[in-house]
Amino acid sequence: MRPLLALIPALTVVLPFAATAQAQGEEVVIGLVTLKDDPRYLQDWGYARLVVPPPVRSVDGAQMAVDDLAFVTEAMGLAPRIDERQATPETALDAVPALVAAGANFVLLDLPGDLVETVSAAATDLDVTLINVSAPDNGLRTACRANLLHAYPSDRQMMDTFSQYLRAMDWTGLLILQGENPRDAALADAFTE
């Protein structure tokens, strides 16, 4: 659900730039690259008999963002359209050039961090702005690609916010427990950095 929330600010950034680049009334193609059978959205866990909500597809979130911004886009004479490409790790590199060929100037990447890094490195020569909407990897921020924006916070940003909250609540004693999931280790490392 959290990556879904990152799509609204991502499209809020995209559409004003699209307005300057597109003629009045022209269609604005916004690409979306997702990973087919993405394990990050796999619903295979539960805790204490809690019902885990089904994962929300990022294309649904992107469409909701476009619908929410309809008043603005209509006033600007734009007709945004989401063009989704589901890729495998092997075909992810081909997805962005295909979307650019289809008219996309902006491509939302709902991919794991390693694929975001690979795709953004391969797209440096393309006239496209890539927007990371779901990968929290700290290394993506330090790679500093000119064509890559981030609409999703890094692990460090999330842990900084959490530590500020803990401090505001005057909770200075802290015990960090780490599970066997690799994401647990990444969050624990981000908190202690």
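Here are the numbers:
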quantity: Identity of the residue in region 125-178, in contact (Cβ under 8 Å) with a residue 24 or more places away in the chain and of a type in the set (D, E, K, R), that ends up nearest to Asp114 (Cα to Cα); calculated: Asp137
quantity: Count - residues of region 32-55 that are modelled with pLDDT of 75 or more and surrounded by fewer than 16 Cβ atoms within 10 Å (Cβ to Cβ); calculated: 4
quantity: Residue match in region 69-78 (condition: under 30 Å from Leu42 (Cβ atoms), assigned to a helix (DSSP H, G or I) and open to solvent by 20 Å² or more (accessible area, probe 1.4 Å)); calculated: no
quantity: Subset tally (residues that are open to solvent by less than 30 Å² (accessible area, probe 1.4 Å) and under 19 Å from Val66 (Cα atoms)) for region 81-93; calculated: 2
quantity: The listed residue being of a type in the set (Gly, Ala, Ser), farther than 20 Å from Lys36 by Cα and out of contact with any His (no Cβ under 6 Å at 6 or more places or on another chain), out of Gly61, Gly103; calculated: Gly103
quantity: Val72 vs. criteria touching a helix residue (DSSP H, G or I) at 6+ places or on another chain (Cβ under 7 Å), at pLDDT below 90 and at negative phi; calculated: yes
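Matching residues to (1) within 25 Å of Arg183 (Cβ to Cβ); (2) out of contact with any strand residue (DSSP E or B) (no Cβ under 7 Å at 6 or more places or on another chain); (3) modelled with pLDDT under 95; (4) among the basic types (Lys, Arg):
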{"position": "Ala87", "(1), (2), (3), (4)": "yes, no, yes, no"}
{"position": "Asp94", "(1), (2), (3), (4)": "no, yes, yes, no"}
{"position": "Ala104", "(1), (2), (3), (4)": "no, no, yes, no"}
{"position": "Ala122", "(1), (2), (3), (4)": "no, yes, yes, no"}
{"position": "Leu126", "(1), (2), (3), (4)": "no, yes, yes, no"}
{"position": "Asp137", "(1), (2), (3), (4)": "yes, yes, yes, no"}
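The values are calculated or read from the model by the stated rules, or taken from the named source; none is laboratory data. In this text the structure is predicted, and so the values were computed from the model without any measurement. Here the Cβ is made from the backbone with ideal geometry for all residues, glycine too, and neighbour counts use every protein chain on show. These accessible areas exclude ligands, DNA and RNA; they are computed on the full protein's heavy atoms, side chains included. Shrake-Rupley method; radii C 1.70, N 1.55, O 1.52, S 1.80 Å.
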